[in-house]
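Below is one structure; the comments refer to it alone.
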Amino acid sequence: MQNENKIFDDLMIDYLSGNISEMDKRRLSELLKSNVDFKMEFDKMIKLRAVSFVPQIDATKEANFKRLMEQLNENVPAFSMSRTWNSRLRQIAAIIIFVVSVSVSLFYIYRDITTPGESTICYETVAPIGSQTKIILPDSTIVWLNSGSFLKYSQSFGKKNREVALSGEGYFVVKKDKSKPFLVHTVKLDVKVMGTVFNVRAYNEDEDVEVNLIEGVVNVSFPENKKAGSLTMKPNEKLVFNKQSKHVESFQTDAYRSALWTSGKLCFVDATIEQISKDLERKYEVKIQIENKLIKKELFSGSLNLNLSLKEILSYIDVDKKFKISQVGDTIKIR
């Protein structure tokens, strides 16, 4: 058990600093699933990390450490922690100070959503690999985060503006407020709304960023390409932006299908096996290797029940029984 504690501590330090590998993410996930105590401490650390995220660091490390300790002291009484865990959290908090430049870099990947020069706390919610998270924002907007997704917003959210930064996939049910539009920043595009229902898919590793509008009206803009202007979407429209070619495509669709993942299903219309495998990797915490180019481009249409085992789902996709599927550890090969 002592060895597991040490492993957990090391993995959490890497996770909180943003330096964790995909393999270690899976190791951390396995520990969280196998040990309730680890899961509780993980939740506590994530909450403490949220209040320690200061986007703009311009003071010395000593001043940052003092400020962070004050924040921790304000929040720690809300949890019942043993001295051992309290000590570990403080050690990890101290380490965060020395890797804060990494955190700041990650923040600016999503772009600054605060007023220039304003020093404010940025809250971050994470949906770990293999899980989903539901958030109710201060303005009563509801957000579902899919596996491996992150959502950030400033402490001043709802006061001056309603801006969030998304990496991954999120389903939004936005509370109407005509005086404060709701703005979702992703790496390549922004989605602006007053009050509506939509799904945004913007994983860093995917080739495309997708927006599906279910209800209301949204305006999509492209900060890196001002010449592209902006597009207004109406219900049951899907917008696809290719990161490499910068090409934007918009077409009619049954947009509600894009949000079926919130109810334990995935719906695909002419999706390639390669695209589907990425969703399955995030859900089942595996690595899928497709060893044939033709298989990668094969198209599949249908609905997948994520309550089934991965073996059952792969069997369902392989309708014609022409794939050879093998698994070693958490790596699956498809020939």
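The values are calculated or read from the model by the stated rules, or taken from the named source; none is laboratory data. This one's a predicted model, so the numbers in the text were calculated from it and none came from an experiment. Cβ atoms come from the backbone with ideal geometry, glycine included; neighbour counts cover every protein chain shown.
Every residue, every condition in (1) in contact with a His (Cβ under 6 Å, 6 or more places away or on another chain); (2) in a strand (DSSP E or B); (3) closer than 17 Å to SER258 by Cα; (4) hydroxyl-bearing (Ser, Thr, Tyr), yes or no:
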{"residue": "VAL126", "(1), (2), (3), (4)": "no, yes, no, no"}
{"residue": "TYR153", "(1), (2), (3), (4)": "no, yes, no, yes"}
{"residue": "LEU166", "(1), (2), (3), (4)": "no, yes, yes, no"}
{"residue": "GLU169", "(1), (2), (3), (4)": "no, yes, yes, no"}
{"residue": "LYS180", "(1), (2), (3), (4)": "no, no, no, no"}
{"residue": "VAL191", "(1), (2), (3), (4)": "no, yes, yes, no"}
{"residue": "GLY195", "(1), (2), (3), (4)": "no, no, no, no"}
{"residue": "ARG201", "(1), (2), (3), (4)": "no, yes, yes, no"}
{"residue": "LEU213", "(1), (2), (3), (4)": "no, yes, yes, no"}
- Message: Taking the conditions exactly as written (in contact (Cβ under 8 Å) with a residue 12 or more places away in the chain, among the aromatic types (Phe, Trp, Tyr) and under 23 Å from ILE325 (Cβ atoms)), does PHE222 satisfy them or not?
- Response: no
- Message: Let me spell it out: the conditions are (1) assigned to a strand (DSSP E or B); (2) of a type in the set (A, V, I, L, M, F, W, C); (3) surrounded by 13 or more Cβ atoms within 10 Å (Cβ to Cβ); (4) in contact with an Asp or Glu (Cβ under 8 Å, 6 or more places away or on another chain), and PHE268 meets all of them except one. Which number is the exception?
- Response: (4)
- Query: If you scan the range 289-316, which residues turn out to be under 23 Å from GLN132 (Cα atoms) and touching a helix residue (DSSP H, G or I) at 6+ places or on another chain (Cβ under 9 Å)?
  - Reply: GLY302, SER303, LEU304, ASN305, LEU306, LEU308, SER309, LEU310, ILE313, LEU314
- Message: Quick check on TYR256: is it closer than 19 Å to SER147 by Cα, aromatic (Phe, Trp, Tyr) and in a helix (DSSP H, G or I)?
- Response: yes
- Message: Anything in the range 162-185 that is touching a Phe, Trp or Tyr at 6+ places or on another chain (Cβ under 6 Å) and small (Gly, Ala, Ser)? List them, or say none.
- Response: ALA165, SER167, GLY168
- Task: Might you check whether a residue that is free of Cβ contacts under 8 Å to residues at least 40 places away in the same chain and of a type in the set (Gly, Ala, Ser) occurs anywhere in the range 160-168?
- Result: no
- Message: Quick check on the range 219-239. Is at least one of its residues surrounded by 14 or more Cβ atoms within 10 Å (Cβ to Cβ), hydroxyl-bearing (Ser, Thr, Tyr), under 24 Å from the mean Cα position of the chain (by Cα) and assigned by TED's automatic domain parsing to the domain that holds ALA127?
- Response: yes
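Per-residue answers, yes or no, for (1) within 27 Å of SER21 (Cβ to Cβ); (2) in contact (Cβ under 8 Å) with a residue 24 or more places away in the chain:
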{"position": "GLN244", "(1), (2)": "yes, yes"}
{"position": "GLU249", "(1), (2)": "no, no"}
{"position": "TRP261", "(1), (2)": "yes, yes"}
{"position": "ALA271", "(1), (2)": "no, yes"}
{"position": "ILE276", "(1), (2)": "yes, yes"}
{"position": "LEU306", "(1), (2)": "yes, yes"}
{"position": "ASP320", "(1), (2)": "no, no"}
- Query: What about GLU205, is it in a strand (DSSP E or B), under 16 Å from the mean Cα position of the chain (by Cα) and touching a residue at least 40 places away in the same chain (Cβ under 8 Å)?
  - Reply: no
- Message: Please verify whether ILE288 is in contact (Cβ under 8 Å) with a residue 60 or more places away in the chain, surrounded by 15 or more Cβ atoms within 10 Å (Cβ to Cβ) and in contact with an Asp or Glu (Cβ under 8 Å, 6 or more places away or on another chain), treating the condition exactly as stated.
- Response: no
- Task: Could you list, in sequence order, all residues of the range 287-335 that are β-branched (Val, Ile, Thr) and under 21 Å from SER263 (Cα atoms)?
- Result: ILE313, ILE317
- Item | Hits in the range 17-39 (condition: under 23 Å from ILE288 (Cβ atoms) and in a loop (DSSP other than H, G, I, E, B)) | ILE20, SER21
- Query: Quick one: what pairs do we get from the range 24-45, first residue among the small types (Gly, Ala, Ser), second at pLDDT 75 or above and surrounded by 15 or more Cβ atoms within 10 Å (Cβ to Cβ), C-beta under 9 Å, 6+ apart or different chains?
  - Reply: SER29/PRO128; SER29/ILE129; SER29/GLY130; SER29/SER131; SER29/GLU285
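Each row is one residue, and each column tells you yes or no for (1) out of contact with any helix residue (DSSP H, G or I) (no Cβ under 9 Å at 6 or more places or on another chain); (2) among the polar types (S, T, N, Q).
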site: LEU231; (1), (2): yes, no
site: SER250; (1), (2): yes, yes
site: THR253; (1), (2): yes, yes
site: SER263; (1), (2): yes, yes
site: PHE268; (1), (2): no, no
site: ILE273; (1), (2): no, no
site: LEU280; (1), (2): no, no
